[in-house]
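A.B. asks: Dropping the structure in here first, questions after.
The values are calculated or read from the model by the stated rules, or taken from the named source; none is laboratory data. Since we're looking at a predicted model, the values are computed, not measured. Glycine also receives a Cβ, built like all others from the backbone with ideal geometry; neighbour counts cover every protein chain displayed. All accessible areas refer to the heavy atoms of the entire protein, side chains included, with ligands and DNA or RNA removed. Shrake-Rupley method; radii C 1.70, N 1.55, O 1.52, S 1.80 Å.
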Amino acid sequence: MAKPRIAVFKFSSCAGCQLEIVNLENALLDVLGAIDVAYFVMASRDMEEGPYDIGFVEGAVTSPHEIERIKEVRKNCKILVAMGTCACTGGLPSIKNWTSQREMEARVYTELWAINSTTAYGIDHYVPVDVYLRGCPIDLNELVDLVKAALLGVAPPFRPHAICVECKLKENACVMLQGKPCMGPVTAGGCGALCPSHNKGCEGCRGPNNDTNAASLAKTFAEMGLSKADVVRKFRKYAGNTPQFNEGAEAL
Amino acid sequence: MLPVEVAVLKKADVASFVGMLTKDYKVFGPTKKENQFAFGPIDSAADLSLDYTTTILPPKKYFHQPVETMMSFKSGDVTSEGAKLDGKQLLFGVHPCDVNAILLLDKVYRDKYEDPYYADKRDNTVIVAMNCTEVGQNCFCSSFNTGPGLDEGYDLLLTDLGDKYLVQAGSAAGKDLVAKAGLGSAAAEDLVAKDKVLRAAQNKIGKKVDTENLAEILNANFNHPKWQEVKDSCLACGTCTTVCPTCYCFSVADKVDLTLVSGERPRVWDSCLLKEFAEVALGHNFRKERDARFKQRFYHKLSYFESQFGAPGCVGCGRCVTFCVKNIDIVAIANEIASGAEETKPSVVLSKKAPGECKGNPYKPLKAVIKGIKQQTYDTTTYTMSFVDDKVQQEYKYDPGTFNMITLFGIGEAPISISSCADEKGTFDHTIRAVGNVTKALTQYKVGDVVGVRGPYGIGWPVEEMKGKNVLLIAGGIGLAPLRPVINHIKNRRSEYGKFEILYGAKTPNDMLFTDEFDTLRIIPDTNLLLTTDNPGGVKWEHNVGVVTTLFEKMKSVPENTIMVTCGPDIMMKFVVKGLLAKGWAPEQIYVSLERRMNCGIKKCGKCQIGPLFCCQDGPVFNYGEIQGLPEEIF
């Protein structure tokens, strides 16, 4: 691929993933040599029209306006990347999905007449997605790997399996064996087992791995002393929309 | 002072002894990590936790590193072949199970294709082992005679005798260390004391697996109801294999820098528990289900490894039990299956070994130039290649049905069968369907471009056994590529073979390979060519319509004095074999070429295993009679 034209779009999100891109610093300069940033509100003043070779979408889709906008973005991008957990699975915004819409809106807003929100979904609920860049926030090494893979025209070398593999390769002391619940065994790797490497249980931000046995892990959480409500929260924190994690939430 | 075989080291002197070791070696030993242990760098004896039960990762990580650069490359050239070990390293306090596991890895990595990365570290490492006087709750080494006492594989062996260690030297390096440290000689009662503490340790081991006929019993119970229970519980997280001291599988994936032309080819430990492990291009997965993958690990340890390397693949270290968050216990499973089991089934043993030898680094590809490119179908192309080094090309010999590993540095490496006949000197052909990273990238290559090639690997078609016999050749789609050498081999020696019949099927006429060669096939004397397509589409088609087995009604071949060779999609081969067996063919007359994921071609990466067989070196061509008893599904 010749210098690909890149666009970055923000939907319902904290902008943390875009900030990660800006944080690339040294690597960013090298990457910038290889790409042409055509649309990136946070980092550039010049906004160019589409179509784009690669579109990075951050954020969940949570309003009728966003539903229309994501369809437009899809039309304008050859490769569409769901960037970050919100765009991949609905992410943190999706924790509202199990409470009634009006009740949730009333907790946050006063002028309810002006609020028109929808169930929070990842963007693939509305449009086909080519690549998922997982994590809250995204992993910069994976972002660079993705750009390189796109330039080479090959599939990005992402880990589809459980976090446990990278955790063990780093020889971390297993947090589960220290009595701390960890979503690592059902969560897709690629982050380098970031939280367990700091001796904290994985929160599952990267969503389900490619062979999720969430029901089995939920049972183990219960045996470790977690209440049913705690287990449900574990599985609905980032990717409750996915059938895999939903199975964990409903296992007990 | 004269070197002594048996000495004593007072515990008060351990600090100075370790201090001495750190001067000459990079020392690694057991250290505390939260409520667990890990082998780590040792600067002084204070860093050691010699009361450890087991470490998270076994010390194999110092020989076969979790992530290791095999070579660096730039613009298609290998610029370095991995880093050599800097100085010598010493592993202190290695338990007998782990030493025995290293001896098993020697069998895997130091065969005719010696792994240079492993060998370098192995040759430059001193092992100070330590017998176990305390045992962990998951230890079951005594079931495999791999502990609590150690018999071989050490330079020095320590046994805790209370206020001192008994020190036994097992090598010249070990004797030198004893001499250098000036350790005092042991007394006869110290050896008696050693026996006593080891007997006591042995008695403390609570876990036991009855290993008598275990492999044969397990082979007969591949579909035991226990496996459903395991499937429901197992998280397929890969922990059990990653912490296993005898697991050796790895995957290889190139990493380029932002120039996209230079980078590294690392290997990373892989795990048969992971879903993608046995997945091939186009998404077919030979072990899609979790229980199939769990069984692969379990059977590899307790059945297959012995067929492959002559010893059980488990040393009873207990790590896979200790570190499993679901407490899945292979000892309990083995005992449950074995209890009350009466049926046994012998392991599959093959009659042939692959030819081939290794000069230098077996992973390093040689440069080959593309001499010709011929489009076969919309997605399949034949590349005619020749090694850049004339001498290599002249000496390059291969059997029909064998394969090469093709490298495009920066993209990766893929196993591809050779589609030419070795009678054609000067060049060799690969007929490639663009379905994966490497094969798709190759479509951008032009005549004169250079790729990396290493091989040939494996056992090919039985062209010698076929002599004097009739031959039935059945191919499906791209499966004709590895069979084309057989056709040309017979064509060039027509009088040496009996009747020759070719059945070739493809999805549509547009998916057929080598169509321009069909006419030359028809004029080979005493040869019958039958074609079929599942769906002729809009193309003019005068031949059969239907799957390849529908040609069985039209073919002339009969079982008498005939050998059948087949290659095609798994589902096709499955029905071809089934159909011929039903028509009275014997399994021994049937040869199949199997496809599996491969990252090395030389029995190292572990990806291509089918039960106890390595598709890369025991195949890819197998006699169906020899493999029909495999516990795992073949097709």
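A.B. asks: Once you have the Cα-Cα distance between residue B:345 and residue B:358, take 0.36 nm times their residue separation minus that, and quote the gain in nm to one decimal. If you can, show how the numbers build up before the last one.
C.D. replies: Numbers: separation 13, 0.36 × 13 = 4.68 nm, distance 3.52 nm.
Full-extension gain reported as 1.2 nm.
A.B. asks: Now, a different point. Amide H to amide H under 5 Å from residue B:610: which residues, 5+ apart in sequence or cross-chain, H placed 1.01 Å off N in plane?
C.D. replies: B:615
A.B. asks: In addition: List the residues whose amide H sits under 5 Å from the amide H of residue B:164, counting only those 5 or more places along or on another chain, with H placed 1.01 Å from N in the peptide plane.
C.D. replies: The list, which skips near neighbours in sequence, is B:11.
A.B. asks: Relative to the first principal axis of the alpha-carbon coordinates of chain B, what is the inclination of helix B:14-24, with its axis defined by its Cα atoms, in degrees from 0 to 90 and to the nearest 10?
C.D. replies: With both axes taken from Cα atoms, the answer is about 40 degrees.
A.B. asks: Which number comes out as Rg/Rh for the range A:163-249 once both Rg and the Kirkwood Rh are worked out on C-alpha atoms? Walk me through the numbers on the way to the answer.
C.D. replies: Details: Rg = 11.7 Å, Rh = 12.6 Å.
Dividing the radius of gyration by the Kirkwood radius yields 0.93.
A.B. asks: Ok, one more. Determine the principal axes of the Cα atoms in the range B:439-588, then give the extent along each, sorted from largest to smallest and rounded to whole angstroms.
C.D. replies: Projected onto its principal axes, the Cα set of the range B:439-588 covers 48, 40, 30 Å.
A.B. asks: Which FRET efficiency value, to the nearest 0.05, is calculated for residue B:202 and residue B:628 with the Förster distance at 41 angstrom and r the Cβ-Cβ distance? Show your work: numbers first, answer last.
C.D. replies: Details: r = 42 Å, r/R0 = 1.03.
After rounding, the FRET efficiency stands at 0.45.
A.B. asks: Let me ask something else about it. Pop out the carbon and sulfur fraction of the accessible area of the protein assembly as shown as a percent, whole number, probe 1.4 Å. Present the calculation step by step, with values, prior to reporting the outcome.
C.D. replies: Details: 18550 of 36170 Å².
Roughly 51 percent, rounded to a whole number.
A.B. asks: Turning to a different aspect of this structure: Please give the helix B:570-582 orientation as an angle from the longest Cα principal axis of chain B, in degrees from 0 to 90, rounded to the nearest 10.
C.D. replies: Roughly 70 degrees between the two axes.
A.B. asks: Moving to a separate point now. Restricting attention to the range B:280-343, which trypsin sites (Lys or Arg not before Pro) occupy a DSSP loop and are surrounded by at most 13 other Cβ atoms within 10 Å?
C.D. replies: B:288
A.B. asks: Then there is this: Per 0.36 nm of contour for each residue apart, how much would the distance between residue B:510 and residue B:151 grow if the chain were fully extended, relative to their Cα-Cα spacing? Each step should come with its number before you reach the end.
C.D. replies: On the way: separation 359, 0.36 × 359 = 129.24 nm, distance 6.39 nm.
Extra length available between residue B:510 and residue B:151 comes to 122.8 nm.
A.B. asks: Sticking with this structure for a sec: Multiply the residue gap between residue B:46 and residue B:583 by 0.36 nm, knock off their C-alpha separation, and tell me the result in nm, one decimal place. Present the calculation step by step, with values, prior to reporting the outcome.
C.D. replies: Values: separation 537, 0.36 × 537 = 193.32 nm, distance 7.38 nm.
This chain segment gains 185.9 nm when fully extended.
A.B. asks: What area, in nm² and to one decimal, does the C-alpha convex hull of the range B:533-635 cast on average over all directions? Please report the intermediate quantities before stating the final value.
C.D. replies: Working: hull surface 32.6 nm².
Approximately 8.1 nm², given one-decimal rounding.
A.B. asks: Give the angle, between 0 and 90 degrees and rounded to the nearest 10, that separates the Cα long axis of helix B:96-109 from the longest principal axis of the Cα atoms of chain B.
C.D. replies: Helix B:96-109 sits at roughly 30 degrees to that axis.
A.B. asks: For chain B, what is the largest minus smallest coordinate of the Cα atoms on each principal axis, given in angstrom and ordered from greatest to least?
C.D. replies: Cα extents, longest axis first: 90, 59, 42 Å.
A.B. asks: Would you mind computing Rg(Cα) / (2.2 N^0.38 Å) for the protein assembly as shown, counting N as its residues?
C.D. replies: Values: Rg = 30.1 Å, N = 887, 2.2 N^0.38 = 29.0 Å.
That ratio works out to 1.04.
A.B. asks: Can you tell me, using C-alpha contacts under 8 Å and at least 6 residues apart, the relative contact order of chain B as a whole percent? Show your work: numbers first, answer last.
C.D. replies: Details: 1343 pairs, mean separation 79.6, N = 635.
Relative contact order here is 13 percent.
A.B. asks: Restricting to DSSP loop positions (anything but H, G, I, E, B) with no more than 10 other Cβ atoms inside 10 Å of their own Cβ, which trypsin sites (Lys or Arg not before Pro) remain in the range A:40-115?
C.D. replies: Details: sites: A:45, A:69, A:71, A:74, A:75, A:78, A:96, A:102, A:107; in loops: A:45.
Sparse-neighbourhood loop trypsin sites (Lys or Arg not before Pro): A:45.
A.B. asks: First measure r as the distance between the Cβ atoms of residue A:200 and residue B:526, then evaluate 1/(1 + (r/R0)^6) with R0 = 60 Å and state the FRET efficiency to the nearest 0.05. Before the final figure, lay out each step's value.
C.D. replies: Details: r = 74 Å, r/R0 = 1.23.
My answer for the efficiency is 0.20.
A.B. asks: To the nearest 0.05, how large is the calculated FRET efficiency for residue A:119 and residue A:233 if R₀ is 25 Å and r is the Cβ-Cβ distance?
C.D. replies: 0.85
A.B. asks: Also, quick follow-up: Extending each Cα 7 Å along its Cβ direction at residue A:112 and residue B:281, get the distance between those two points in nm, one decimal.
C.D. replies: Here the answer is 5.9 nm between the modelled labels.
A.B. asks: For chain A, what are the DSSP H helices with axial Cα length of 15 Å or more and mean Kyte-Doolittle hydropathy of at least 0.0?
C.D. replies: Details: long enough: A:64-76 (19 Å, -1.72); A:140-152 (18 Å, 1.28).
In chain A, the long hydrophobic H runs are A:140-152.
A.B. asks: Per Stokes-Einstein, at 20 °C and 1.002 mPa s, what whole-number D in µm² s⁻¹ belongs to chain A, with the Kirkwood radius over Cα pairs as the hydrodynamic radius?
C.D. replies: Numbers: Rh = 19.0 Å.
Estimated diffusion coefficient is 113 µm²/s.
A.B. asks: Put a dot 7 Å past each Cα toward the Cβ at residue A:25 and residue B:260; how far apart are the dots in nm?
C.D. replies: 2.8
A.B. asks: Could you give the accessible area per residue of chain A, probe 1.4 Å, as a whole number in Å²? Intermediate results must be reported in sequence, preceding the final value.
C.D. replies: On the way: 10940 Å² over 252 residues.
On a per-residue basis, chain A sits at 43 Å².
A.B. asks: Bins of 5 Å, beginning at zero and ending with the bin holding the largest distance: percent of Cα pairs per bin for the range A:5-152, please.
C.D. replies: For the range A:5-152, the pair-distance distribution reads 2, 10, 19, 22, 19, 13, 8, 5, 3, 1, 0.
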